[in-house]
Each structure stands twice: as structure tokens, then as C-alpha cells.
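See below for the structure under consideration.
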Amino acid sequence: MPGESAPSGGPAIVGANWYRFVAGEQIRHAEVASVAFIWPLTGSGQITSRGQRFHLDSTCLLRLPWRHDVEYVADERSPFKVGTVHLVPWHHDEVPVSQQVAHRPGEPLLYADWRRGEQGEYPQLLSRLDGSGRHIVTMGSYAIERFLEGPLDDDALRALGVLVAEASVYASSPKDTGVPAVLEVMMEHVRAHLDRALTVDDIARAGGCSTTTAQRLFARYTGQSVLAWTRRRQIDEAALLLRTTGMRVNEVAKRVGFADPLYFSRAFRAVFGVPPSRYAAAQLRP
């Protein structure tokens with residue numbers, strides 16, 4: 001009716017959790033009524049949503065849009081442990097917030113008119129290396145720990161929602177100083193092919209740019225050359241494999257793109273200060 005004001009509402013967090021996948025584990029949901037933020041703490045895996053596939057490791061933060069589909073596939077050798085926070089972008093102020101993520105067909109909350117979000121958005125791969133990405137992960141981690149302690153009141157759920165929503169808007173805006181999309185594509189290519197001896201040409205080709213542009217982007221946003229950044233990702237992956245599997249050093253070397261185990265040992269020692277054999281021996285497994 002004329003003169004009536006629009007209902008008031010705002011963002012709220014409705015779910016938050018850590019989840020440790022087992023090797024090769026797959027989970028799929030056809031529709032989730034939330035905006036989800038997902039970041040691996042350890043390990044790696046693939047997430048597919050809206051027809052886009054993303055390979056995630058501990059440098060990544062993935063934002064999935066309102067009413068997204070999602071499929072998780074954990075890596076066979078180093079499955080990821082992820083943090084996940086579910087945001088309802090608009091929740092009616094007069095309806096109490098239920099700590100429940102609507103995702104099962106037929107459940108009332110799936111199409112509740114007091115929970116709303118923007119339609120037609122697509123997944124966004126963000127970086128945990130920039131300020132806004134770090135803020136989302138920090139606040140998301142805090143939300144998870146609070147959820148694990150027990151139920152939260154409405155004020156807390158809405159306050160957390162405001163903080164996460166504001167950081168998300170900033171992370172997605174042109175003003176953000178985060179990693180450009182073409183650089184994320186090249187980084188993603190490297191993460192997905194750590195077992196190969198990639199060249200600058202290979203990586204630039206994956207991003208659809210020249211080698212000069214690739215070098216410039218890596219230098220500006222990571223402070224490293226293309227190959228130095230790639231090598232560090234390989235060494236970090238090697239350290240993860242040594243910590244979390246029973247693979248021998250020469251097997252790990254091949255797995256991260258080193259044909260020569262001696263060269264691998266020198267490169268590993270330059271980063272961690274000890275040879276890979278000693279690094280592995282110092283780890284308690286499991």
C-alpha cells in the first residue's frame with residue numbers, strides 16, 4: 001500500500017564450520033541458500049559451482065553466490081581441511097535468525113521470504129594474500145569458533161554478518177588492491193600443475209598474456225618472479241606431502257616437478273633450513 005515502508009533487514013551468519021575431508025571424498029549439494037566463503041587451511045582439492053571448477057589450496061578463498069550449487073572433491077593424497085561460513089545477505093529484522101543453512105530439498109527455509117540475496121551472481125576466486133581476503137578469513141575463523149562453542153544470539157549473528165558482508169563487498173570491488181583476474185588464472189594453473197616443470201611461457205599462455213606481462217604482474221603482486229613464485233609453491237607442496245604422507249623423498253620430488261632429487265633437496269633446504277629427509281623424520285604421523 002502507498003506509504004508503507006519496505007521491511008528492514010540486513011546480513012546474518014547462519015552457519016560456520018571446519019570440515020576435514022578424507023582422501024578423494026566428494027560432497028555435492030544441488031542448491032544452498034547462502035553466500036558461502038570457503039578457504040582451505042591445509043591440503044587441496046577442487047570445488048565446482050555454476051559450471052566453474054576451482055583448484056583450491058591454502059592461499060585461496062572462494063566466494064559462492066546466493067543459491068549456489070556446489071561439489072567438493074578432495075585431493076587423493078593431501079585432502080583439504082576447509083573453513084566455511086554461510087551468509088544470508090538480507091534477513092528480516094523481525095524474524096529470529098536460525099543457525100541453519102538451508103540446503104535440503106523441501107525444507108521451509110530454502111525459499112523463506114525473510115532470507116534473500118542477489119540473483120545471477122557467479123563464483124569468485126579471491127586471494128587470502130590481500131587485506132580484504134585476510135579480513136574475511138579472520139572473521140570467518142572467529143565465527144566458526146563461536147559457533148562451535150554453542151548457539152549465538154541474534155545480535156551476534158547479525159553483527160558477524162555485517163562484518164563479513166562489508167569485507168566481501170570490498171574484496172569484490174574494483175577499488176580493492178587484490179590480485180587481478182589474469183594473475184589468479186596463472187596462479188591457478190601453477191597450483192593445478194605442480195608436478196610439471198612449468199616455464200614462464202607455459203604460465204603466461206594459461207593467462208592469455210605475454211611473458212612480459214606475466215613477469216610484471218607476479219613481481220608487482222607477489223614480490224617474486226614467475227618461476228620463483230612457482231618454485232615456492234612446489235616446495236610448500238613438498239613440505240605438506242612430507243608432513244602428511246609416507247612418501248619417500250624421491251617420490252615427493254617427482255610429485256612436485258623435480259626430476260633431480262639432489263637439486264630438490266638443495267632447493268628444499270634453502271627454504272626450510274633442513275634437508276627434506278630430516279624434515280620428514282621430525283614429523284609425527286599421524
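Between the residues M187, P275, L217, the greatest Cα displacement towards the positive end of the dipole of the stretch 181-281, with unit charges on the Cβ of Lys, Arg, Asp and Glu, is found for P275.
Treating the beta-carbon of each Lys and Arg as +1 and of each Asp and Glu as -1, no other charges, what is the dipole magnitude of the stretch 9-172 about its Cα centre, to the nearest 20 debye? Can you show the working numbers first?
Values: 15 positive and 20 negative charges, 93 e Å.
Roughly 440 debye, rounded to the nearest 20.
For the chain, the longest principal axis of the alpha carbon atoms and the long axis of helix 261-272 meet at an angle near 50°. Each Cα pair under 8 Å and six or more residues apart adds its separation to the average, and for the stretch 9-172 the resulting relative contact order is 32 percent.
Only helices enter the 222 nm calculation for the chain: every DSSP H run of n ≥ 4 contributes -39,500 (n - 2.57), and dividing by all residues gives -12500 deg cm²/dmol, rounded to 500. Simple point charges give the picture: +1 on the Cβ of Lys and Arg, -1 on the Cβ of Asp and Glu, and for the stretch 52-111 a dipole about the Cα centre of about 140 debye.
Which whole-number value in Å³ per residue fits the convex hull of the alpha carbons of the stretch 181-281? Show your work: numbers first, answer last.
Working: hull volume 9.0 nm³, N = 101.
Hull volume over Cα atoms, normalised by residue count, gives 89 Å³.
Ranking A33, G51, P11 by Cα position along the charge dipole of the stretch 1-135, where only Lys, Arg, Asp and Glu carry charges on their C-beta atoms, puts G51 farthest toward the positive end. Distance between the C-alpha centres of the stretch 212-286 and the stretch 107-125: 41 Å, rounded to the whole angstrom.
Computed from Cα atoms, the angle from the helix 131-149 axis to the main principal axis of the chain rounds to 70 degrees.
Please check which bits of the stretch 21-53 a label hung off D195 would reach, taking the label as a point 7 Å along Cα-to-C-beta and the cut-off as backbone N under 13 Å. Correct set: none at all. Its Cα gyration tensor gives the chain an equivalent ellipsoid. The semi-axes, each the square root of 5 times an eigenvalue, are 39, 22, 16 Å from largest down. Seen against the Cα atoms of the chain and their longest principal axis, helix 211-222 is set at about 70 degrees. Computed about its Cα centre, the charge dipole of the stretch 133-286 is approximately 880 debye, with only Lys, Arg, Asp and Glu carrying charge at their Cβ. Stretching V271 away from Q26 to a fully extended chain increases their span by 84.8 nm, per 0.36 nm per residue minus the current alpha-carbon distance.
Over the stretch 1-64, how many percent of alpha carbon pairs lie in each 5 Å bin up to the one with the longest distance? Histogram of Cα-Cα distances, whole percents per bin: 3, 11, 21, 23, 14, 7, 5, 5, 4, 3, 2, 0.
Sorting the Cα pairs of the stretch 9-172 by distance into bins of 5 Å, from 0 upward, gives 2, 9, 19, 22, 23, 15, 7, 2, 0, 0 percent per bin.
FYI, it's all coordinate maths here, none of it is from the lab. Keep in mind that what you see is a predicted model, and the values were worked out from it rather than measured. Positions of Cβ are generated from backbone atoms using ideal geometry, with glycine treated the same way; all protein chains shown enter the neighbour counts.
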